[in-house]
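Please treat every number below as a calculation from the coordinates, not as lab data. Treat the numbers as computed from the prediction; the structure is a model and nothing was measured. When we count neighbours, we look across all protein chains shown, and the Cβ atoms used for this are built from the backbone with ideal geometry, even at glycine.
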Amino acid sequence: MSHAPSLYECRVNHTRISPKKHAFTYRVFMLAIDLDDFPKLPLLSKNRFNLFSIDDRDHILTEPEKSTRENLTAWLAEKATTIPADARIILLTFPRVLGYAFNPVSFYYISSKSGEPITAVAEVTNTYREMKLFPLGVPDAEGKFDHLIAKNFYVSPFSDPNDAFHFRIGQPGEKWHVSINNLTEGKPTLMSSITGERRELTTARLALYALKYPLISLSIIFRIHLHALLLFLKKIPHFPKSTPVKGPAI
């Protein structure tokens with residue numbers, strides 16, 4: 001896994017297979033940033049306004065006055081996972097665009113200083129700006145994560161918050177692939193994937209992607225609401241926000 005700041009140009013696919021079929025694909029880009037080595041670029045800032053930015057307020061809000069790294073380390077410790085003080089943490093996420101942020105999913109890859117993968121965490125945010133972290137366990141021999149976990153979180157009105165997530169998460173190399181499948185009573189009902197190719201993170205590329213992917217955060221949330229409308233018109237059963245969650249939500 002490369003620790004150099006980079007950018008992934010990605011294809012996102014969502015395929016609903018039950019109770020009715022519905023699928024769509026779109027293209028986005030995501031940033032891969034070492035939390036201890038933020039790149040110095042004119043169009044990209046940390047915790048301040050810019051064309052693109054990464055802001056601690058968009059991630060792991062357990063203690064807002066602390067950094068994302070501090071909050072993640074504390075959260076992992078609560079889950080009985082202690083990481084070395086010099087561990088490297090790569091955040092793969094959507095940036096803010098002109099101060100606006102919406103990150104449906106972000107990923108944290110934690111490795112030793114020498115690059116050996118230790119664990120990973122998925123961070124899921126719904127349209128109510130509620131957030132939940134999902135620990136992904138330990139990697140297999142190839143450094144990949146394969147983890148089935150109870151959702152216990154309201155993500156979509158068209159999925160029971162008491163379903164399960166099956167995460168299959170690859171390491172971000174020259175290519176990157178993750179899949180997140182929603183399971184209802186053990187059977188997949190919604191299959192989602194992100195497939196990306198690494199690009200060098202430069203000012204020129206950020207300027208290009210500002211044109212190629214205009215207002216990316218707004219376009220993502222627009223697509224979410226558009227396809228929610230289409231699912232509603234298809235009469236897909238929906239779950240109100242008040243649906244009881246059996247397990248802890250955070």
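Structure notes:
- Summarised in one figure, the compactness ratio Rg/Rh of the range 67-127, Cα atoms and Kirkwood Rh, is 1.01.
- All other residues whose Cβ lies under 15 angstrom from that of Val245 are scored, Lys and Arg at +1 and Asp and Glu at -1, for a net of +1.
- Neighbour-limited loop hits for trypsin sites (Lys or Arg not before Pro), the range 196-250 (at most 12 other Cβ within 10 Å; DSSP other than H, G, I, E, B): Lys235, Lys241, Lys246
- Taking a straight Cα-Cα cut-off under 19 Å and skipping sequence neighbours fewer than 8 places away in the same chain, the lysines within cross-link reach of Lys234 are Lys20, Lys21.
- Per-residue Cβ neighbour counts within 10 Å put Phe145, Phe239 in the sequence Phe239, Phe145, beginning with the fewest.
- Enclosed volume per residue, in Å³, of the convex hull spanned by Cα atoms of the range 168-242: 146 Å³
- Candidates Asn162, Leu231, Val28 compared by Cα position along the dipole of the chain: farthest toward the positive end lies Leu231, with charges placed on Cβ.
- The range 21-159 shape via C-alpha gyration tensor axes, a/c threshold 1.5: rounded
- q = 0.07, 0.14 Å⁻¹: log10 I(q)/I(0) that the Debye formula gives for the chain, counting C-alpha atoms only: -0.23, -0.97
- Debye intensity ratio I(q)/I(0), log10, the range 30-89, q values 0.16, 0.20 Å⁻¹ (C-alpha model): -0.57, -0.83
- Listed residue pairs exceeding 20 Å between alpha carbons, taken from Lys46/Lys132; Lys66/Lys144; Lys144/Lys175; Lys113/Lys144: Lys46/Lys132; Lys66/Lys144
- Computed over the chain: relative contact order in percent, which uses C-alpha pairs under 8 Å that are six or more apart: 20 percent
- Placing +1 on each Lys and Arg Cβ and -1 on each Asp and Glu Cβ, with no other charges, gives the range 69-227 a dipole about its Cα centre of roughly 500 debye.
- Counting beta carbons within 10 Å around each of Val178, Val28 and listing the fewest first gives the order Val28, Val178.
- Cα gyration tensor shape for the range 103-226, rounded if a/c is under 1.5, else prolate or oblate: oblate
- Across the range 38-52, computed HN-Hα scalar couplings (Karplus, 6.51 cos²θ - 1.76 cosθ + 1.60, θ = phi - 60°) run 6, x, 9, 9, x, 9, 9, 10, 10, 6, 8, 5, 6, 4, 10 Hz from first to last residue, x flagging Gly and Pro.
- Charge sum, other residues only, whose C-beta stays under 13 Å from Trp176's C-beta, Lys/Arg counted +1 and Asp/Glu -1: +3
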